[in-house]
Amino acid sequence: MDTIEILTQKAICLLERLIATPSVSRDEYAVSVIIEEALAQYGYKCERIMNNVLCYGHNYSSDKPTILLNSHMDTVKPVQGWTYDPFTPLWKDGKLYGLGSNDAGASLVSLLYSFVYLDSKPQAYNLVFLATAEEEVTGANGAKLAKDSLPKIDLAIIGEPTGLNPGIAERGLLVLDVEVSGKSGHAARNEGINALYRAVDAISWFRTYRYEKESPMLGPVKMTVTIINSGTQHNVVPDKCTFTVDIRFNELYSNREIFDIVCKSLPEWCSVKARSFDHHSSCVSGDCAAVKRCVELGLEPYGSPTMSDQSAFNMNSFKIGPGMSERSHTANEYICMEELEKGVQTYVNILDGLSI
C-alpha cells in the first residue's frame, strides 16, 4: 500500500488535473471521470448518480457503522479580477493558483486519498466516499439527489476549506418570498392602500425581531431583506410589493419552525412562500469521537456561517479541510503547499483506528 507521503503527492497531482478541467456547477462530467479513474487505480468500482461519484470501501459490511467522506467537484464561475488563467494550475511562492484549488479541490483530493489509505487497513467502521456536483448552486442534482443512494450514515466528514479546524456547527438557510397586498389608487388623490408602505412595516419586523434561542456555537438567527420590488408608474399607488428575505438560522431551530414563526408574526396582508426546506442547520456533539480526536490533535472546533453539502444531508456531520474559507470565490484563488501536505495526514490522524 502507498504511504501517506506518496498519497499526498498523488493528491497534489490530481488537484492540478482538476484545476485544468473546467467544472463549473452543472458541468462536472469531465472531472467526475477523472475522480473515477483515480479510484479505479486502487481497484474501486464507482457508482454514478448523474455527475455524482459514489464509492464503497473494499471492506464494507452491513454489521459496522459507516463514515461518509464527502466533498464537491464543482466550482463557481471565474470572477472578474483574475490575473492568472483560472484553469491553468500555477505554482508560485509555495502556492497553487487555480479555480477550485481552495474551494474545495484540496479537500476533495485529500479525502479521496485518505479514503484509499484508511480503507487499506482494518477499521471498526465502513468507509463511503462521495464526490458531489452542484454544491455551489445548491442544485437538485447534487447532494440532494445523491443522498437517496447512500446507506445509513453514522458520521459524515465534509471536505471544505476550514483551516483544518472542525466546523462542528453550520447555519441553515431559508429564503422567503413575501408578497404584500394593498389597493391601487391615484397618487394625486392619496387613494388606495399603499402596499409599499405596508411592506416597510413588515420589513421593520424582519429587521428588529429577535429569536429566543441563541446558539453557543452559531449565535442568534440572522434575517436580512435583500430584494424589494413594487409599483408600475409614479402616479399609481402600488397594490402589490414583493421582497425577499435571507434567513440563516442556528441548530436550535428547524427551517419549518422558522417559517411558522414568520407566518404567525406577519399581518394577514402578507403572503409568505419558502423557496425550499432542504437546507438544514446542523451541530455535532462535542462528545462525538471524531470531534474529541480533533481536540486531542490540537484542532479547534468552531461554528461556521457558510453553507456546504451538510445542509442537504441533514445527518451527524462536521466539515473540515485544508485552505481558508475567505479565499473561496475570489480572484486568484490558491491553496498553499503546506496546507496540501497536511490534508491527507490530518484526515488519517482523525479517523484511523477510530471507534464511533
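The values are calculated or read from the model by the stated rules, or taken from the named source; none is laboratory data. The structure presented is a predicted model; accordingly, all values stated were derived computationally and were not measured. All Cβ positions, even for glycine, are placed from backbone atoms using ideal geometry, and neighbour counts span all protein chains on display. Heavy atoms of the whole protein, side chains included, go into the accessibility calculation; ligands, DNA and RNA do not. Shrake-Rupley method; radii C 1.70, N 1.55, O 1.52, S 1.80 Å.
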Under the Karplus curve 6.51 cos²θ - 1.76 cosθ + 1.60, θ = phi - 60°, whole-Hz ³J(HN,Hα) for the range 252-259, x wherever Gly or Pro sits: 7, 10, 8, 5, 5, 5, 4, 4
Neighbour net charge for D74 - beta-carbon separation under 9 angstrom, K R +1, D E -1: -4
Whole-percent carbon and sulfur share, accessible surface of the range 235-356, 1.4 Å: 47 percent
For G323, net neighbour charge (Lys/Arg +1, Asp/Glu -1) across residues whose Cβ lies under 13 Å away: -3
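Counting Lys and Arg as +1 and Asp and Glu as -1, what is the net charge of the other residues whose Cβ lies under 11 Å from the Cβ of Y44? Numbers along the way, then the final one.
Values: positive: K45; negative: E36, E37, E47, D119.
Combined, the nearby Lys, Arg, Asp and Glu give -3.
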The chain: angle of helix 4-19 to the longest principal axis, Cα-based, in degrees nearest 10: 40 degrees
Spherically averaged projected area of the range 202-356 from its Cα convex hull (nm²): 13.2 nm²
Helix-derived mean residue ellipticity, 222 nm - over the chain, DSSP H n ≥ 4, -39500 (n - 2.57), to 500: -8500 deg cm²/dmol
Protection proxy ranking of 251-258, 68-75 - average other beta-carbon atoms within 10 Å, highest first: 68-75, 251-258
Largest-first principal axis extents of the Cα set of the range 1-157 (Å): 52, 37, 22
The chain: antiparallel DSSP beta bridges as a percent of all, rounded to 5: 70 percent
Relative contact order for the chain, counting Cα pairs under 8 Å that sit 6 or more residues apart, in percent: 25 percent
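For the range 211-271, rounded, prolate or oblate, judged on the Cα gyration tensor with a ≥ b ≥ c (square roots of eigenvalues), a/c < 1.5 rounded, else prolate if a/b > b/c?
prolate
Compute the orientation-averaged projected area for the chain from the convex hull of its Cα atoms and round it to one decimal in nm².
On the way: hull surface 79.8 nm².
Mean projected area for the chain: 20.0 nm², to one decimal.
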Heavy-atom surface of the range 241-293, accessible at 1.4 Å and reported per residue (Å²): 46 Å²
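In the range 1-154, carbon and sulfur make up what percent of the accessible area (probe 1.4 Å)?
Details: 3230 of 6290 Å².
Within the range 1-154, the accessible surface is 51 percent carbon and sulfur.
Which of rounded, prolate, oblate describes the range 133-252, given a ≥ b ≥ c as roots of the alpha-carbon gyration tensor eigenvalues and a/c under 1.5 marking rounded, otherwise prolate only if a/b is larger than b/c? All intermediate terms of the calculation are to be shown ahead of the outcome.
Values: a/c = 3.75, a/b = 2.25, b/c = 1.67.
It comes out prolate by the Cα gyration axes.
Which of rounded, prolate or oblate describes the range 1-67 when judged by the alpha-carbon gyration tensor and an a/c cut-off of 1.5? Provide the component values of the computation, followed by the final result.
On the way: a/c = 2.45, a/b = 1.24, b/c = 1.98.
In terms of gyration-tensor shape, oblate.
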Dipole of the range 78-145 [Lys/Arg +1, Asp/Glu -1 at C-beta], most positive-end residue of Y125, L112, N102: Y125
Span per principal axis, largest first, for the Cα atoms of the range 71-224 (Å): 79, 44, 31
Long pairs among K147/K342; K183/K273; K121/K147, criterion Cα-Cα beyond 24 Å: K147/K342; K121/K147
Area of D103 that stays accessible when all protein chains are in place (1.4 Å probe, Å², to 10): 10 Å²
Low-density loop cleavage sites - GluC sites (Glu not before Pro) in the range 155-214, where at most 13 other Cβ are within 10 Å (DSSP): E191, E212, E214
